[in-house]
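**Q** Below: one structure in structure tokens.
The values are calculated or read from the model by the stated rules, or taken from the named source; none is laboratory data. Not measured: the values here are computed from a predicted model. Quick reminder, even Gly has a Cβ in these numbers, built from the backbone with ideal geometry, and neighbours come from all protein chains shown. Accessible surface areas use protein heavy atoms only, side chains included; no ligands, DNA or RNA. Shrake-Rupley method; radii C 1.70, N 1.55, O 1.52, S 1.80 Å.
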Amino acid sequence: MPEDQPETLLPDDNGLARAAVLLGQGHVLALPTETVYGLAADARSDMACARVFRAKGRPRFNPLIVHLQDIAGAEALAEVCSTARDLARAFWPGPLTLVLPLKAGHGLSPLATAGLDTVAIRVPSHPVARAVLALFGGPVVAPSANPFGRVSPTTADHVRQGLGGAPAAILDAGPCAVGLESTILAPGLSGIRLLREGGLPSEVVEAMTGPLIPDTAPGTVQAPGQLAGHYAPAVPVVMDSDLSEHAAVRIGFTADQAADLHLSQSGNLAEAAARLFDVLHRAESLALARNEPAIHVAPVPKTGLGRAINDRLRRAAAMRH
Ligand code: TXA
Ligand code: MG
């Protein structure tokens with residue numbers, strides 16, 4: 001990893017303009033979205049996409065999400081069926097990614113799509129991400145700005161700690177409001193498959209579409225964010241803990257539980273989601289500093305955003321150390 005620290009950019013006119021220039025020059029930069037910080041690069045450039053994979057240590061068979069300004073942008077790259085259009089109209093801009101069939105002449109780097117005939121597209125709502133997309137004027141890949149397999153970043157500091165000098169710059173706009181990666185859906189002839197639980201609760205989608213198809217078919221891992229052993233701190237995680245283990249960093253769900261850190265004050269799932277990755281980053285530092293062998297997390301309700309919170313905790317707990 002390079003020794004140099006990335007340039008820090010503020011979300012003002014100068015910072016936004018500089019971010020767009022860096023993207024245009026084929027550099028990678030960390031950029032805030034409403035879900036997590038992304039490692040952004042020009043989706044049409046092989047060199048820029050290769051830099052993203054290198055910075056994250058991410059296997060190249062794992063495709064990236066292409067970020068666009070609007071549905072019209074998606075229609076230029078992909079076949080947007082009527083189901084996809086309904087989903088996009090309801091939930092874009094926002095924490096939803098749609099996996100759609102690529103159109104001929106899409107112009108994306110094959111590295112962005114890992115050579116698949118589909119593309120994952122997201123229209124973010126964060127004003128800073130949107131401003132950079134508008135100034136840059138093209139499609140931008142942005143996987144979460146963390147080393148592959150580790151906890152996703154919700155602050156600029158998380159990015160610095162995880163990626164060191166790998167990005168050319170970090171656009172710092174404070175903590176991300178949602179705190180969980182986007183929900184990934186793949187509309188198809190047989191229904192809508194749920195590839196990743198995320199910041200848009202599946203119940204909210206299902207209220208509009210009817211039941212989603214859980215993506216459980218073995219051997220057909222479509223979204224490697226679905227791999228067991230992902231999103232993991234450097235210390236083993238135990239979930240659904242009663243927090244009675246004292247030789248551990250303990251994470252409570254509500255503030256009245258005796259613990260070192262808490263996901264929320266009074267059991268609000270949106271607050272817990274927004275804080276989850278920061279709390280995991282802090283717990284990891286605490287465990288390393290106190291030389292404690294594990295991180296224990298209290299049960300989190302399994303509804304609404306709690307689905308994605310439990311999904312990330314399950315994958316963190318599945319990591320072999
Ligand atoms: O909220 C988010 O989605 C964040 C922010 C930065 O936008 N990005 C993010 O990207 O989480 P990443 O690369 O960490 O996760 C993208 C997921 C991966 O699990 C990848 O395998 C899946 O999307 N994916 C990308 N293209 C796909 C495709 N064509 N088919 C199925 N899954 C795909
Ligand atoms: Mg990720």
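**Q** Local charge sum around Phe91 (other residues, Cβ-Cβ under 14 Å, Lys/Arg +1, Asp/Glu -1)?
**A** Net of charged neighbours comes to -2.
**Q** What is the helix-to-structure angle for 46-56, meaning the angle in degrees between its Cα long axis and the longest Cα principal axis of the chain, kept from 0 to 90 and rounded to the nearest 10?
**A** Its long axis makes an angle of about 0 degrees.
**Q** Starting from the Cα gyration tensor of region 101-184, take the square roots of the eigenvalues, sort them a ≥ b ≥ c, and report rounded, prolate or oblate (rounded when a/c is under 1.5, otherwise prolate if a/b is larger than b/c, else oblate). Provide the component values of the computation, followed by the final result.
**A** Working: a/c = 1.81, a/b = 1.53, b/c = 1.18.
The shape class here is prolate.
**Q** Using only alpha carbon pairs under 8 Å that are at least six residues apart, calculate the relative contact order of the chain and give it in whole percent.
**A** Numbers: 731 pairs, mean separation 64.3, N = 321.
Result for the chain is 20 percent.
**Q** Under 9 Å from the Cβ of Lys103, count the other residues' Cβ atoms, weight Lys and Arg +1, Asp and Glu -1, and hand me the total.
**A** Around Lys103, the charge tally is -2.
**Q** Could you tell me which of rounded, prolate or oblate describes the chain, using a ≥ b ≥ c as the square roots of the eigenvalues of the alpha-carbon gyration tensor, with rounded for a/c under 1.5 and, failing that, prolate when a/b is larger than b/c and oblate otherwise?
**A** Verdict is oblate for the chain.
**Q** Beta carbons within 10 angstrom, averaged per residue: use that to sort the peptides 114-122, 247-255, highest first.
**A** 247-255, 114-122
**Q** Between the helical axis of 305-318 and the dominant principal axis of the chain, each derived from Cα atoms, what acute angle in degrees is found, rounded to the nearest 10?
**A** Orientation of helix 305-318: about 70 degrees from the principal axis.
**Q** Same structure again: Let me check something: with ligands and nucleic acids excluded, how do Phe148, Phe53 order by accessible area (1.4 Å probe), largest to smallest?
**A** Phe148, Phe53
**Q** Now for a different question. Could you rank Thr303, Thr209 by how accessible they are, 1.4 Å probe, largest area first?
**A** Working: Thr303 80, Thr209 50 Å².
From most accessible down to least: Thr303, Thr209.
**Q** Spelling out what I want: for every residue of region 166-175, take phi, set θ = phi - 60°, compute 6.51 cos²θ - 1.76 cosθ + 1.60 (Karplus), and round to whole Hz; glycine and proline get x.
**A** 5, x, 5, 7, 10, 8, 9, 10, x, x
**Q** Then there's this: As an exercise, use a Förster radius of 30 Å and the Cβ-Cβ distance of Leu189 and Arg60 to find the FRET efficiency, rounded to the nearest 0.05.
**A** It comes to 0.55.
**Q** Just check region 223-321 against the gyration tensor rule for me: Cα atoms, a ≥ b ≥ c as the square roots of the eigenvalues, rounded for a/c under 1.5, and otherwise prolate or oblate depending on whether a/b exceeds b/c.
**A** Note, shape of region 223-321 comes out oblate.
**Q** Among Ser264, Ile170, Val99, pick out the residue whose Cα is farthest towards the positive end of the charge dipole of the chain, where Lys and Arg carry +1 and Asp and Glu carry -1 on C-beta, about the Cα centre.
**A** Result: Val99.
**Q** Would you tally the net charge around Val235, using a Cβ to Cβ cut-off of less than 14 Å, leaving Val235 out, and scoring K and R as +1, D and E as -1? Kindly include the intermediate steps, with their values, before the conclusion.
**A** On the way: positive: Arg150, Arg250, Arg282, Arg290, Arg320; negative: Glu245, Asp260, Glu284, Glu292.
Its environment carries a net charge of +1.
**Q** Can you tell me the length gained on complete extension of the stretch Asp240 to Ser82, counting 0.36 nm per residue apart and subtracting the Cα distance? It would help to have the intermediate numbers written out before the result.
**A** Numbers: separation 158, 0.36 × 158 = 56.88 nm, distance 4.03 nm.
Using 0.36 nm per residue and subtracting the Cα-Cα distance, I get 52.9 nm.
**Q** Listed highest first by mean packing, meaning other Cβ atoms within 10 Å per residue, what order do 270-277, 102-109 come in?
**A** Values: 270-277: 22.6, 102-109: 13.8.
Answer by packing, highest mean first, reads 270-277, 102-109.
**Q** Report the relative contact order of region 35-192, percent, no decimals, based on alpha-carbon pairs under 8 angstrom and at least 6 residues apart.
**A** 37
**Q** Under 5 Å between amide hydrogens, which residues at least 5 positions from Glu7 or on another chain qualify, with H placed 1.01 Å from N in the peptide plane?
**A** Excluding prolines and chain starts, which carry no amide H, the hits are Ala169, Ile170.
**Q** To the nearest 10 square angstrom, what accessible area does Glu7 show with a 1.4 Å probe?
**A** 70
**Q** May I ask you to derive the relative contact order of region 90-158, considering only C-alpha pairs under 8 Å and at least 6 residues apart, and to give it as an integer percent?
**A** The value is 30 percent.
**Q** For His296, what residues show an amide H to amide H distance below 5 Å, using hydrogens built from the backbone and excluding near sequence neighbours?
**A** For His296, whose amide H was placed from the backbone, the distant partners under 5 Å are Val238, Val249, Arg250, Ile251.
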